[in-house]
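Enquirer: Would you mind keeping the following structure in view while I ask a few things?
Laboratory data are not the source of any read-out in this text; all were calculated from the coordinates shown. Computed from a predicted model, the values in this text were never measured in an experiment. We place every Cβ from the backbone using ideal geometry, glycine too, and count neighbours over all the protein chains shown.
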Amino acid sequence: MSDLLKKAKTVRVNAHAPYSNFKVGAAVRSVDGNDFVGCNVENAAYPEGLCAEAGAIAAMIAAGDRQVKEICIVADSTQLITPCGGCRQKLAEFSETDTVVLVANLSGQSLQRTVGELLPDSFNPDRLGPL
Ligand code: THU
């Protein structure tokens, strides 16, 4: 198992998911070679919950890195999960189309995709043209 996947598994334990009982962990490796983790953080006001991927991406940005090289996402699910639509968009902001997305469960199953496969023809910063 890659060390990034291990980090996603480890942080998943800290998720705050009392409403869904569905804990998720994410670990991002930036192109600068730094790793950042996040877990889902739910809220009694349900729509205010935060996905694990969003937390990991926010940690990367707060630390000053700007580009995702790879992201691993782990949940305890029989069917492998993939990032929600909002997180695909958040990833596209800081990724290339060939950025690797690895999803896994606790049984050892995994699936690898790219950001371009998960969100083809995305609306991304390039679409805005020169600012
Ligand atoms: N969730 C994530 O954190 N990442 C995903 O990729 C899918 C869903 C969270 C949101 C919510 O806290 C719980 O999982 C159930 O949807």
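Enquirer: Pick out, in residue order, every one of the GluC sites (Glu not before Pro) in segment 93-131 that is DSSP loop and has at most 16 other C-beta atoms within 10 Å; say none if there are none.
Expert: On the way: sites: 93, 96, 117; in loops: 96.
Here the GluC sites (Glu not before Pro) that fit, given the DSSP loop and packing criteria, are 96.
Enquirer: Then there's this: Tell me the relative contact order for the chain as a rounded percent, counting alpha carbon contacts under 8 Å between residues six or more apart. Walk me through the intermediate numbers first.
Expert: On the way: 272 pairs, mean separation 25.9, N = 131.
Answer for the chain is 20 percent.
Enquirer: Roughly how far apart, in whole Å, are the Cα centres of segment 54-71 and segment 8-51?
Expert: Value for the Cα centre distance between the two parts: 13 Å.
Enquirer: Turning to a different aspect of this structure: Sort 12, 127, 113 so that the residue with the fewest other Cβ atoms within 10 Å of its own Cβ comes first and the one with the most comes last. Please report the intermediate quantities before stating the final value.
Expert: Values: 12 24, 127 8, 113 15.
The fewest-first ordering by Cβ neighbours comes to 127, 113, 12.
Enquirer: For residue 62 and residue 114, calculate 0.36 nm times their separation in residues minus their Cα-Cα distance, and state this gained length in nm to one decimal.
Expert: Details: separation 52, 0.36 × 52 = 18.72 nm, distance 2.39 nm.
Here the segment from residue 62 to residue 114 would lengthen by 16.3 nm.
Enquirer: Still on this structure, I have one more. Where the only charges are on Cβ atoms (+1 Lys, Arg; -1 Asp, Glu), what is the dipole of segment 2-125 about its Cα centre, to the nearest 20 debye?
Expert: Numbers: 11 positive and 14 negative charges, 65 e Å.
It comes to approximately 320 debye.
Enquirer: At a Förster distance of 25 Å, what's the computed FRET efficiency of residue 19 paired with residue 79, Cβ-Cβ distance as r, to 0.05? Don't skip to the end; give the middle numbers.
Expert: On the way: r = 20 Å, r/R0 = 0.80.
Calculated value: 0.80.
Enquirer: Same structure, new question: Report the normalised scattering of segment 2-125 as log10 I(q)/I(0) at q = 0.09, 0.10, 0.15 Å⁻¹, calculated by the Debye formula with identical scatterers on the alpha carbons.
Expert: Computed log10 I(q)/I(0) values: -0.21, -0.26, -0.61.
Enquirer: Among the DSSP beta bridges whose two residues both lie in segment 1-109, what percent are antiparallel, rounded to the nearest 5? Before the final figure, lay out the partial values.
Expert: Details: 13 of 20 bridges.
In segment 1-109, approximately 65 percent of DSSP beta bridges are antiparallel ones.
Enquirer: Next question. With n ≥ 4 as the cut-off for DSSP H runs, can you work out [θ] at 222 nm for the chain, using -39500 (n - 2.57) per run divided by the number of residues, rounded to the nearest 500?
Expert: Values: 4 runs with 35 residues, N = 131.
For the chain, the value works out to -7500 deg cm²/dmol.
Enquirer: So, one more: Could you put 61, 73 in order, starting from the residue whose Cβ has the fewest other Cβ atoms within 10 Å?
Expert: On the way: 61 15, 73 28.
Final ranking by Cβ density, sparse to dense: 61, 73.
Enquirer: Can you list the chymotrypsin sites (Phe, Trp or Tyr not before Pro) in segment 1-68 that are in a DSSP coil and have 13 or fewer other beta carbons within 10 angstrom? Walk me through the numbers before you get to the answer.
Expert: Details: sites: 19, 22, 36; in loops: 19, 22.
Here the chymotrypsin sites (Phe, Trp or Tyr not before Pro) that fit, given the DSSP loop and packing criteria, are 19, 22.
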